[in-house]
Every structure is written in C-alpha cells, then in structure tokens.
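In what follows, a structure is listed as structure tokens, so that the remarks can point back to it.
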Amino acid sequence: MPFDPAIRPLTLHEARVLATLMEKARTVPDSYPMSLNGLVTGCNQKTSRDPVMSLSDAEAQEALDSLKLLTLAFETSGNRTTRWEHNFQRGVGVPEQSAVLLGLLMLRGPQTAGELRINAERWYRFADISSVEAFLDELQERNAEKGGPLVVLLPRAPGAREQRWAHLMCGPVDTSAAAPATSGSGGTAAAALQTRVDALEGQVAALQATVQRLCAELGIAHEMSPPGQD
C-alpha cells in the first residue's frame, strides 16, 4: 500500500534523510548505498539545501529507523559497515519523474517548475518545463485512494513572476504565508520595488566589471565608485 502522508507525515529530519538518499543514489552512485557517516555529511551540506540543517549521527539513525518502519528505506550489509538505500518510488507509489520532483522539493524547498527542471539535470533530464508541470499537476491531483495530493502550488509571492511548488510529504503547508500582502499595507509594492532595485544593482555591477576589464585590456586608467558611494 502506498505511503499516505495524511496519516503519517514525515518529520523534517526524515524528509532530509530520505531525500539525501534519493539524491546520492543518482549523483554519486559509486558511494551508494550510503553509510551513516556519508549520509549525515550529505544531509548537512551547506549548498543545495533549504533549510540548512545540522543533524547528528543519532538523529539521522533515528530517522533511518523510522523510514525503515515506513518501508521508505532499508539497510544492506556492507563489508564493514551497515549501508542504507531508499525505497521511495515503490513505497510512495509514484513514477520515477514524480519521485525526482518530490526529492528536489524536500531537499531545496519550494521551487518553480523552471527551477525544478534545472535542478533535476543530474537526477533526470526533463524534455521541457511542460513535462515538469504535467507531473506536478498529477501529484497535485492524486486521489485519496492513493494517499491524496503530494504537492501544492503556492500563491504568487510579491514581485515574483512565477508561482512555486511545495511538497506535502511533511503534512499540509501554510499557503497563506506565501500570499501577497494586501494593497492597504503597501507590502506588495515595496517588495516589487526591492526586487527591481536588486536587479538594477546587479546590472550596474556587471557593467562596471565589463568597463574595468576593457580598460585594463586597453591600458586605460579608469576609476568608478561602487553604487551608492558617489
């Protein structure tokens, strides 16, 4: 029977451990199945993780034991140490492409369909964004007999061009937290303005770097103050 997140949502630690096993199985197959030590290191990476965690060996082992009871992970005997594998696809009852998207959402937090396609490159190569959206829609419309929806489309954030998706493996998501601020508060306008300012500052910095490089190549002295320091 497929895993039902409505009956037993994963804890944050369980989701991180499970998703790390899923990631390493595809990105570093020579190190898979994983030892506890390697798994903890992967869970606590500072990059490609949202949120960043600091799991102890004991916390990771506790999550593994719980995932084993849920048939989402199992241990295999190594030469000198116990190693672990995930059983996500079969345990949750989803196709490979859906498993990839859920794994990325558990590791990196809410993402747009475009971000998911880019971040999935080392896991699975989707043909286009439409194919990503099709699997996300399928996960969102998953019927109750299979355990219910596994993802949700969040409200568009202030200043954002696209909506982001979040997983439901750890239970319901508070979508109101991502909703745009009311017009009375001025929050939406302020956020949009800040986004525009950040983008313009990035463009100015890039132009400055280009000018300085060209001046150096031509042997021309050039001084330019950073933005805001005129």
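Residue separation times 0.36 nm, minus the C-alpha to C-alpha distance between Ser176 and Asn37: what's the value? Before the final figure, lay out the partial values.
Details: separation 139, 0.36 × 139 = 50.04 nm, distance 3.80 nm.
Result: 46.2 nm gained on full extension.
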| note | Simple SL model, points at 7 angstrom along Cα→Cβ for Ala127 and Arg8; separation in nm is 3.7
| remark: Long-range amide H partners of Cys170, meaning residues 5 or more apart or on another chain whose placed amide H is closer than 5 Å, are Leu10
| Excluding same-chain residues fewer than 8 positions from Lys46, which aspartates and glutamates have a Cα within less than 19 Å of its Cα? | Glu14, Glu23, Asp57, Glu59, Glu115
| task | Could you line up Ser31, Ser56 from fewest to most neighbouring Cβ atoms inside 10 Å? | result | Ser56, Ser31
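Given a Förster distance of 22 angstrom, what is the FRET efficiency for Ser54 paired with Thr82, based on the Cβ-Cβ distance and rounded to 0.05?
Details: r = 23 Å, r/R0 = 1.02.
Once rounded, the FRET efficiency stands at 0.45.
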| task | Mind checking which lysines have their Cα closer than 22 Å to the Cα of Lys146? Skip sequence neighbours fewer than 8 apart in that chain. | result | Lys68
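Throughout, read-outs are computed from the coordinates displayed, never taken from laboratory work. Not measured: the values here are computed from a predicted model. For neighbour counting, all protein chains shown are included, and Cβ atoms are generated from backbone atoms with ideal geometry for every residue, glycine included.
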